[in-house]
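Beneath this line is the structure, given in structure tokens, with notes to follow.
The values are calculated or read from the model by the stated rules, or taken from the named source; none is laboratory data. The structure displayed is predicted, hence computed values, not measured ones. For neighbour counting, all protein chains shown are included, and Cβ atoms are generated from backbone atoms with ideal geometry for every residue, glycine included. Surface accessibility is based on the protein's heavy atoms, side chains included, excluding ligands, DNA and RNA. Shrake-Rupley method; radii C 1.70, N 1.55, O 1.52, S 1.80 Å.
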Amino acid sequence: IKLLKKKRDFEITVSAYPECHPDSLSMNQEFELLKKKIDLGATRAITQFFFDTSKYLKFIEIAQKKNINIPIIPGILPISNFNKTLKFANSTNCKIPKWLTEMFNGLEKDFETRKLVAASIATEQCKQILKEGVEEFHFYTLNRSDLTFAICHLLGVKKLGANTNA
């Protein structure tokens, strides 16, 4: 961050971890590291994906109390393959709520229903976060832009004409 800021006044986005990075010792360490990144010149953060929205909202609340005032964009992961997501989540310290596991139970071979469930869950997650005043999202598409497109459509973001930047 420091090197980039010396070169030019870049907008620098850094990572943030509402559920604690696997290498961190505590959430306090997470906030200290995020504060250090800001002090070096970071202008916003994108979170690791999460499925328990309350953890993100609590993270934002604590960050504000610690005078961390850059935008912290929620990382949303639409689930196209639950088993792969579970492995990925375990490696990143992201907790999978029981209700989420139950939603995908029995859908291992039903791709179309999984897509509908995934879009529905991510849309509801975004709606909860929107109610809290957050207006930006980072979608981890994992080469599945169709799910993100569907989620955006369900949230009221419609495809604009070919000559506009959407």
Separation between Cα centres of the range 100-127 and the range 1-72, rounded to whole Å: 29 Å
The chain: most fluctuating residue of Glu102, Glu136, Glu30 per GNM, C-alpha cutoff 10 Å: Glu102
Total charge dipole magnitude, the range 1-141, about the Cα centre, Cβ charges on Lys, Arg, Asp, Glu only, Debye to nearest 20: 500 debye
Å² of accessible area per residue within the chain, as computed with a 1.4 Å probe and no ligands counted: 63 Å²
Radius 13 Å from Cβ of Arg114, net charge of other residues (Lys, Arg +1; Asp, Glu -1): 0
Sites matching chymotrypsin sites (Phe, Trp or Tyr not before Pro) across the range 78-145 that sit in DSSP coil, with at most 10 neighbouring C-beta atoms within 10 Å: none
Residue-wise HN-Hα coupling along the range 26-39, computed from phi with Karplus coefficients 6.51, -1.76, 1.60 (Hz; x: Gly, Pro): 6, 5, 4, 4, 4, 5, 4, 5, 4, 4, 4, 4, 5, 4
Surrounding net charge for Lys84, when Lys and Arg each add one and Asp and Glu each subtract one, Cβ distance under 12 Å: +2
Theoretical gain in end-to-end length, Ser24 to Glu61 [0.36 nm per residue, Cα-Cα removed]: 11.3 nm
Share of carbon and sulfur in the accessible heavy-atom surface of the range 1-158 [1.4 Å probe, %]: 53 percent
Which labelled figure in (i) 17.7; (ii) 17.2; (iii) 16.7 is Kirkwood radius over Cα pairs in Å, once derived from the coordinates: (ii)
Extension gain (nm, one decimal) between Thr113 and Leu155, 0.36 nm per residue minus Cα-Cα: 13.2 nm
Inter-site label distance for Ile1 and Tyr140 at 7 Å from Cα along Cβ, in nm: 2.1 nm
